[in-house]
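Q: Sharing a structure below in structure tokens format, with a few things to ask.
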Amino acid sequence: MTSQSSVPSGASHSASKPAPRLILASASPARKKLLEDSGIMFDIHVSDVDEDGVLASAAQRAREESRTDLTPAEVSGILAEAKARAVADSLAAQGIVNAFVLGCDSVFEFESVAYGKPHTPEKARERIAAMSGRSGVLHTGHCLIDLRDGIGETKDKQLPAIQQVRSATVNFAPMSAAEVDAYVATGEPLHVAGSFTLDGYGAAFIQGICGEPHTVIGLSVNALKEMLSQYGISISFFWKSSSD
């Protein structure tokens, strides 16, 4: 777990009642860097979620409700909540309740199909070649769970959560076969949603974004601010002090 021990600027609390922590339920280096660059103090507690199992259960519930297949935006929200709940439940079981847990998940929608991580060079090459000169939508789901002061004590009730899904359209530049091969060879697109990143090698092939850039990176700081405000907390509570 990554830990920052300084008291956030804007925080006021007594010695007997420490300030709540913000915990990121993700191992994503991009999300970690984004929060750090935004001056936000947080810890990391990685979730252990069976994503395929979570989505299979969600799809079954949708069918039982006579609904159509899950949309890519729904998928991002479902997985974000699953990650947040897995970490929140684990912490609550350990007696850790003075915290907020943030889960995130990103899904790329291209031609109405949801694309997660390709994992193999072959899949990445196929997807990137198809995206060349075209556009898709990156959906990032966010789920914030409040564990403060005993909220996690009841075993039979599901922990309350606030969710947001943010979406942004990504316009890709035309790419030659050699450029596609070179990008895949970096290894970067194999383990990111949609087979591209905005904050790495992939930036060279993105012509423009309609929406919030942080959404494409994988965590909207503005969404975090809005979710915290619904719990009555200002995001400045978690800002690092100027002396850190």
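Q: In debye to the nearest 20, how big a dipole does the chain give about its Cα centre with +1 on each Lys and Arg Cβ and -1 on each Asp and Glu Cβ?
A: The dipole magnitude comes to about 420 debye.
Q: Among Cys104, Cys210, Cys143, whose mean-square fluctuation peaks in a Gaussian network model of the chain (Cα, cutoff 10 Å)?
A: Cys210
Q: Leaving out ligands and nucleic acids, note down the accessible area per residue over region 21-238 with a 1.4 angstrom probe, in whole Å².
A: 46
Q: Stretch Asp48-Thr120 to full length: gain in nm at 0.36 nm per residue minus the Cα-Cα span?
A: 23.8 nm
Q: Rank Ile233, Val107, Ala58 by how far each Cα sits towards the positive end of the charge dipole of the chain (+1 on Lys, Arg Cβ; -1 on Asp, Glu Cβ) and give me just the farthest.
A: Comparing the listed Cα positions along the dipole, Ile233 ranks first.
Q: At a 1.4 Å probe radius, carbon and sulfur cover how many percent of the accessible area of the chain?
A: 51
Q: Can you list, largest first and rounded to whole Å, the semi-axes you get for the chain by taking the square root of 5 times each eigenvalue of its Cα gyration tensor?
A: 33, 22, 14
Q: Within the set of other residues whose C-beta is less than 14 Å from the C-beta of Arg166, count the net charge using Lys and Arg as +1 and Asp and Glu as -1.
A: Value of the local net charge: -3.
Q: Does region 120-234 come out rounded, prolate or oblate, given a ≥ b ≥ c as the square roots of the eigenvalues of its C-alpha gyration tensor, rounded meaning a/c under 1.5 and, failing that, prolate meaning a/b above b/c?
A: Cα axes put region 120-234 in the prolate bin.
Q: Right, another one. Which value in deg cm²/dmol, rounded to the nearest 500, describes the helix-derived mean residue ellipticity at 222 nm for the chain, given -39,500 (n - 2.57) per DSSP H run of n ≥ 4 and division by the residue count?
A: -10000 deg cm²/dmol
Q: Tell me, what is the percent relative contact order of region 21-238, built from C-alpha pairs under 8 Å that lie six or more residues apart?
A: The value is 22 percent.
Q: Provide the gained length on full extension for the span Asn171 to Ala203, in nm with one decimal, where the gain is 0.36 nm per separating residue minus the Cα-Cα distance.
A: Residue separation times 0.36 nm, minus the Cα-Cα distance, leaves 10.4 nm.
Q: Filter the trypsin sites (Lys or Arg not before Pro) in region 47-87 to those in DSSP coil with at most 14 other Cβ atoms within 10 Å of their Cβ, and list the result.
A: Qualifying residues, ordered by number: Arg67.
Q: Could you state the angle between the C-alpha long axis of helix 221-230 and the longest principal axis of the C-alpha atoms of the chain, as a value from 0 to 90 degrees rounded to the nearest 10?
A: 40
Q: Also, quick follow-up: Over the chain, with a Gaussian network built from C-alpha contacts below 10 Å, which listed residue (Ser220, Ser76, Ser47) shows the highest mean-square fluctuation?
A: Ser47
Q: Ranked from highest to lowest mean number of other Cβ atoms within 10 Å per residue, what is the order of the peptides 167-173, 117-123?
A: Ranking, from highest mean packing down: 167-173, 117-123.
Q: How tilted is helix 51-64 with respect to the longest principal axis of the chain? Cα atoms for both, answer in degrees (0 to 90, nearest 10).
A: 90
Q: Mind checking the angle between helix 121-131 and the chain's longest principal axis? C-alpha axes, 0 to 90 degrees, to the nearest 10.
A: 80
Q: Still on this structure: Name the residue, out of Ala161, Ala59, Ala99, whose mean-square fluctuation peaks in a Gaussian network model built on the chain with Cα pairs under 10 Å.
A: With Cα springs under 10 Å in the chain, the top fluctuation among Ala161, Ala59, Ala99 is at Ala59.
The values are calculated or read from the model by the stated rules, or taken from the named source; none is laboratory data. The structure displayed is predicted, hence computed values, not measured ones. We place every Cβ from the backbone using ideal geometry, glycine too, and count neighbours over all the protein chains shown. Heavy atoms of the whole protein, side chains included, go into the accessibility calculation; ligands, DNA and RNA do not. Shrake-Rupley method; radii C 1.70, N 1.55, O 1.52, S 1.80 Å.
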